[in-house]
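This report refers to the structure that appears directly beneath it.
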Amino acid sequence: MKSHISHKALARYIAGTVKERHRGRIAEHLAECGRCRSRHGKMIAAIAPRYSMLRASEAAKVRVLRSRDRLAEDETARTPSGLRSLLPQHPRAVLAGSLALAAAVVAAAVLLFRPPVEEVRPYLAAANVDGGVVINDRPLIDRERVFEGSAITLPEKTSARLEYGRGFSITLIGPALFTVDRLMSRGDSEPVELECSLRQGILVSDSGGTRTVAYAYNTPGARIEPTGTEFLLQSAGGATLVVMKTGSVTVKHGASAERVTVAAGSRCMVKEKADVSKASPEDLKIFDSMDNLRDGAFERQILKPEPLVKDNNLKQPLRTPRPVVRERTGDNAMGRIQPDAPSDGNRTARRDTVTGPSKTGSREQERINKNKKLLREARQAIRQKRRTPK
Amino acid sequence: MIDNKTLSDIYDRHHHELFVYICGFTRMPEVAEDFLHDAFVRLIRYSQKYPLDPTNIRAFLYRTARNICIDHARRNKKLNISPLEENLKSGGGDPQTDLELRELRGTVDSLVDARDQLSRSVYLMRTELDMPYQEIAGALNISERTAKRKMSSMLEYLADSLEKAGFKLFMLILLSLLAILFVIYR
């Protein structure tokens with residue numbers, strides 16, 4: 001090799017990465033060429049090891065081992081106990097369990113603290129109630145709910161109004177005895193069925209143009225079945241007075257079962273029989289002011305009010321309404337009432353069959369009671385027989 | 001977590017080469033000892049979370065030590081590098097030769113510092129620890145070919161730079177002499 005070794009070849013030679021066939025030639029050249037040998041020596045001296053003779057102190061090892069012990073103690077202190085210790089090993093199971101527990105807690109909270117179910121029974125709301133008005137032997141107050149089976153007593157010169165929804169209202173004028181015999185709903189789309197008894201006193205009924213209530217009134221001497229109307233009804237001394245303002249009502253005489261229709265602007269007096277006559281303009285002024293009616297301003301137009309008589313049988317409707325759902329025939333043995341009049345298919349006729357106390361009705365009731373008693377005895381005998389060991 | 005005996009064995013097996021390796025970066029034995037300790041603490045922390053792979057511990061320690069050195073260098077860009085004069089081998093007794101040798105090594109240090117971390121690692125392992133390329137490759141998680149290329153490249157760079165540095169010194173001396181002659185004979 002005549003030329004000098006390039007620093008690249010020299011670097012590879014020192015690094016040991018030069019190819020084997022060049023290594024010998026470079027070694028030969030270094031033995032011959034002083035300049036290249038000097039360069040080689042300088043490089044070897046420059047990269048000679050300088051730190052390999054250094055030693056770390058023994059204390060360094062002690063420090064490392066001490067650090068290991070300290071970390072082990074920290075780990076023991078931080079190691080979670082109980083369910084938390086499961087988290088690193090079974091994170092999904094712990095997560096699922098936690099979610100299930102949270103869901104159970106929320107469900108329990110919802111069940112425990114849910115608001116009370118709103119009363120779904122229909123009711124009439126009391127309004128403009130005068131002092132002294134009593135419902136079920138306690139004072140009636142404004143906005144009180146009047147449910148089925150309630151009995152309202154109004155002393156003289158008092159009034160109270162019962163409302164359903166926005167339109168329907170009944171204004172009671174004392175002295176009066178009034179009971180809500182039936183008030184039930186058959187669904188949101190069906191009108192509420194209301195049946196009341198006016199044992200004595202005055203009421204002014206106003207449907208308000210709504211058809212949300214299918215209602216009927218009973219008095220000791222008659223039954224009134226209006227359809228969307230406004231009228232006055234009075235019961236006194238066994239007589240019943242109806243004064244019509246708008247619409248019409250059907251009045252059925254209690255004893256004779258005679259039916260008359262009272263049209264708007266007419267009045268009907270039911271005593272021994274139902275008499276319908278044209279209402280005078282003074283009669284119709286009754287509807288202008290309930291306060292005047294209460295204060296006795298229309299004594300000539302209405303019957304003479306009689307003092308309140310104590311009725312211990314307020315819980316019993318004047319005329320037992322026939323339950324529509326349980327309407328069956330031929331079930332006398334089970335104590336159900338069989339219609340005693342032929343049905344003409346309309347609602348009014350069907351109701352008629354259960355209205356008004358009659359001798360036929362009381363005999364029927366006796367027969368039913370007798371059948372019930374017999375049935376009860378037969379059942380007891382069967383039970384007794386079953387209990388007796390063979 | 002790694003137990004005391006295993007840790008002691010690992011320390012005995014690797015602490016010296018790691019210490020030298022770190023010294024190559026820091027050039028300060030006290031600092032190198034601290035970094036050695038830090039590297040082993042990181043190994044212990046790692047063993048708290050994951051099982052240790054015995055075949056990978058050496059590479060882990062080298063990688064950790066290198067990262068610690070890099071972090072330290074970034075934090076202290078202006079390092080007070082002591083040349084470890086007391087630890088360096090004497091050039092042979094002649095003060096003039098020793099002085100030249102020290103100057104040469106100072107130049108080499110500054111040249112090596114200018115290279116990338118991987119090249120420095122390969123260079124230190126090869127020159128200081130005399131490790132074969134296969135071991136270097138295993139410890140640094142690189143291929144043997146890459147290790148050889150890095151080493152050749154580093155030496156080529158050093159040789160080139162040193163020759164240029166020698167030429168610059170010669171030119172500097174020559175210019176100084178010319179300036180002195182000019183002042184004398186003006």
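In table form, for the structure just shown:
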quantity: Largest-first ellipsoid semi-axes for the range B:28-77, taking √(5λ) over the Cα gyration tensor eigenvalues, angstrom; calculated: 22, 10, 10
quantity: Shielding by partners - mean other protein chain Cβ count within 10 Å, residues of A:62-70; calculated: 6
quantity: Per-selection metrics, the range A:2-161 (Cα): Rg and Dmax in Å; calculated: 50.7, 148
quantity: Packing rank of A:369-376, A:132-139, B:138-145, where each peptide gets the mean count of other beta carbons within 10 Å, highest leading; calculated: B:138-145, A:132-139, A:369-376
quantity: Nearby aspartates and glutamates by direct alpha-carbon distance to A:Lys385 (threshold 20 angstrom, same-chain neighbours under 8 apart not counted); calculated: A:Glu377
quantity: Whole-number percent relative contact order across chain B, with pairs defined as alpha carbons under 8 Å at least 6 apart; calculated: 20 percent
quantity: Cα-based convex hull, the range A:1-82, per residue volume (Å³, whole number); calculated: 170 Å³
quantity: Tally of Lys pairs whose C-alpha atoms are under 27 Å apart, taken over chain B, 8 or more apart or cross-chain; calculated: 12
quantity: In Å², nearest 10: area of A:Phe287 left accessible to a 1.4 Å probe; calculated: 20 Å²
quantity: More than 13 Å apart - percent of Cα-Cα pairs taken over the range A:171-227; calculated: 62 percent
quantity: The range A:105-196: GluC sites (Glu not before Pro) in DSSP coil with no more than 10 other Cβ atoms inside 10 Å; calculated: A:Glu118, A:Glu119
quantity: Cα principal axis extents for chain B, largest first, Å; calculated: 81, 34, 34
quantity: Computed helical MRE - 222 nm, chain B, DSSP H runs ≥ 4 contributing -39500 (n - 2.57), nearest 500; calculated: -26500 deg cm²/dmol
quantity: Set of aspartates and glutamates with alpha-carbon distance to A:Lys19 below 19 Å, sequence-local pairs under 8 removed; calculated: A:Glu28, B:Glu144, B:Glu156
quantity: Over 18 Å between alpha carbons, listed pairs A:Lys245/A:Lys285; A:Lys157/A:Lys271; A:Lys271/A:Lys310; A:Lys252/A:Lys310; A:Lys271/A:Lys304; calculated: A:Lys157/A:Lys271; A:Lys271/A:Lys310; A:Lys252/A:Lys310
quantity: Computed over the range A:178-281: relative contact order in percent, which uses C-alpha pairs under 8 Å that are six or more apart; calculated: 19 percent
quantity: Backbone HN-Hα couplings from phi across the range B:175-186 [Karplus 6.51/-1.76/1.60, Hz, Gly and Pro as x]; calculated: 5, 5, 4, 4, 5, 5, 4, 4, 5, 5, 8, 6
quantity: Solution diffusion estimate, µm²/s, Stokes-Einstein, the range A:173-311, Kirkwood Rh from C-alpha pairs, 37 °C, viscosity 0.692 mPa s; calculated: 216 µm²/s
quantity: J(HN,Hα) series, the range B:105-110, from Karplus relation 6.51 cos²θ - 1.76 cosθ + 1.60, nearest Hz, glycine and proline x; calculated: 5, x, 5, 4, 4, 5
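The values are calculated or read from the model by the stated rules, or taken from the named source; none is laboratory data. Bear in mind the structure is a predicted one, so any value in this text is a computation, not a measurement. We place every Cβ from the backbone using ideal geometry, glycine too, and count neighbours over all the protein chains shown. Please note that ligands, DNA and RNA were not included when accessible areas were found on the heavy atoms of the full protein model with its side chains. Shrake-Rupley method; radii C 1.70, N 1.55, O 1.52, S 1.80 Å.
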